[in-house]
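What follows is calculated from the coordinates using simple rules that are stated; it is not laboratory data. Computed from a predicted structure; not experimentally measured. Don't worry about glycine lacking a Cβ; one is built from the backbone with ideal geometry, like all the others, and counts go over all protein chains shown.
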Amino acid sequence: MPSFPTTTSKVIEICENPRTSVVDLRKVISLDPVLTAKVIKLINTVYYGTNQQVTSLVHATIVLGLNTVKNLVLSTAALGNLPKGDHKGSLDMDEFWRHSLSVGVMAKLLAKKRGVDREQWEGYFSAGLLHDIGKIPLDAVFGRDYMNVITDADKNQEPLFCVEDRLFDTNHCQVGQILAELWRLDRALLDVIAYHHNYNAYVGEHKDKLCTVVVANNYVNFSKLGFSGDIRPAQIEQAALNELNISKDIFFEVEKEFLIEIEKAKLFLKI
């Protein structure tokens with residue numbers, strides 16, 4: 001898969017800098033007319049719209065916030081790297097992206113429900129959105145052979161990443177980590193992508209975000225929202241719930257908002 005466009009990498013870099021300003025961001029985004037149009041369209045949607053039409057990039061960035069703009073840039077770049085119509089792999093890209101989107105939305109809602117700082121919510125969304133990104137190049141490279149991974153995982157009731165290891169001598173977590181490094185994603189995103197199936201071994205500073213994505217992924221797989229290759233999804237992992245000091249009841253508490261946010265996120269990615 002190709003590197004992210006220069007604009008994308010620069011936007012991520014700017015948004016991660018605590019001293020950045022909307023003026024700094026405007027300077028970068030304005031160099032990309034397509035991205036500029038997407039940001040302006042987003043601010044004028046039914047979910048983010050104001051009482052009057054917004055045409056200023058600075059105004060749009062102020063209202064949306066740096067994290068939302070970063071998410072838009074990340075999502076646009078990731079979608080642009082997905083296989084096109086002649087893709088001959090085993091994953092349905094629409095269903096894969098629906099799964100990823102659902103994990104991102106649930107991770108964000110869990111963070112919100114648990115009282116995580118509002119400024120960090122979009123970071124949880126990004127982590128959930130991109131956690132499985134390593135499956136895309138595996139599916140693209142191995143094509144129909146990737147179906148053997150999905151079939152064997154179902155037949156033997158094994159986790160998908162274990163079968164990937166056995167048949168391909170690598171797995172989507174490792175491949176995803178390579179992509180995250182190539183795309184210069186921040187450390188939290190990289191760690192979630194690399195450790196979301198091995199969170200017990202993780203000793204870094206982003207375990208809260210990691211475990212949030214783990215339980216969000218469990219919930220989405222179990223609820224069969226989209227499809228990312230796991231035909232027999234695992235139960236929601238109690239150890240991850242304990243790490244976050246929550247119970248399964250939290251999913252019932254956020255279910256209504258989850259459905260609303262899914263529609264909002266779909267619109268977000270169609271901009």
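Our note on the geometry: Cα centres of the range 126-148 and the range 217-240, 16 Å apart.
With contacts taken as Cα pairs under 8 Å and at least 6 residues apart, the chain reaches a relative contact order of 21 percent. One decimal place: the segment Arg144-Glu263 gains 39.7 nm when fully extended, by the rule 0.36 nm per residue minus the C-alpha distance. Electrostatic bookkeeping for Glu122 treats Lys and Arg as +1 and Asp and Glu as -1; over the other residues with beta carbon under 10 Å from its beta carbon, the sum is +2. With loop membership from DSSP and a limit of 10 other Cβ atoms within 10 Å, the longest segment of the chain without trypsin sites (Lys or Arg not before Pro) is 89-271. Counting other beta carbons within 10 Å of each Cβ, put Phe252, Phe161 in order, fewest first. Placing the least packed residue first, the sequence is Phe252, Phe161. Here is the list for the range 186-250: GluC sites (Glu not before Pro) lying in DSSP coil, each with at most 15 other C-beta atoms within 10 angstrom of its C-beta, are Glu205.
When the charge dipole of the chain is built from unit charges on Cβ atoms (+1 for Lys and Arg, -1 for Asp and Glu) and taken about the Cα centre, the candidate among Leu189, Thr151, Val58 whose Cα reaches farthest toward its positive end is Val58. The order of Asp230, Asp94, Asp152, going from fewest to most other C-beta atoms within 10 Å of their C-beta, is Asp94, Asp152, Asp230.
Relative to the dominant Cα principal axis of the chain, helix 172-182 is inclined by about 30°. Toward the positive end of the charge dipole of the chain, with +1 on the Cβ of Lys and Arg and -1 on the Cβ of Asp and Glu, the farthest Cα among Thr7, Val203, Asn221 is that of Thr7. In a fully extended conformation the segment linking Ala234 and Asp92 would gain 49.1 nm over its present Cα-Cα distance, using 0.36 nm per residue.
If the limit is 30 Å between Cα atoms, which of Lys155/Lys209; Lys27/Lys266; Lys209/Lys266 go over it? Violating the 30 Å Cα-Cα cut-off are Lys155/Lys209. Helix 121-130 against the longest principal axis of the chain: what's the angle in degrees, Cα atoms only, rounded to the nearest 10? For 121-130 against the chain, the angle is about 50 degrees.
With a simple spin-label model that places each label point 7 Å from the Cα along the Cα-to-Cβ direction, the separation between Phe252 and Arg118 comes to 2.9 nm. Principal-axis analysis of the Cα atoms of the chain puts helix 33-43 at an angle of about 90° to the longest axis. Taking every DSSP helix (H) stretch of at least 4 residues in the chain, weighting each as -39,500 (n - 2.57) and dividing the sum by the residue count yields a mean residue ellipticity at 222 nm of -20000 deg cm²/dmol. Using only side-chain charges placed at the Cβ, +1 for Lys and Arg and -1 for Asp and Glu, the dipole size of the range 84-270 relative to its Cα centre rounds to 380 debye.
Using the Cβ-Cβ distance between Leu167 and His59 with R0 set to 41 Å, the FRET efficiency from 1/(1 + (r/R0)^6) comes to roughly 0.20. Counting neighbouring beta carbons within 10 Å and listing from fewest to most, the residues His206, His196, His172, His59 come out as His59, His206, His196, His172.
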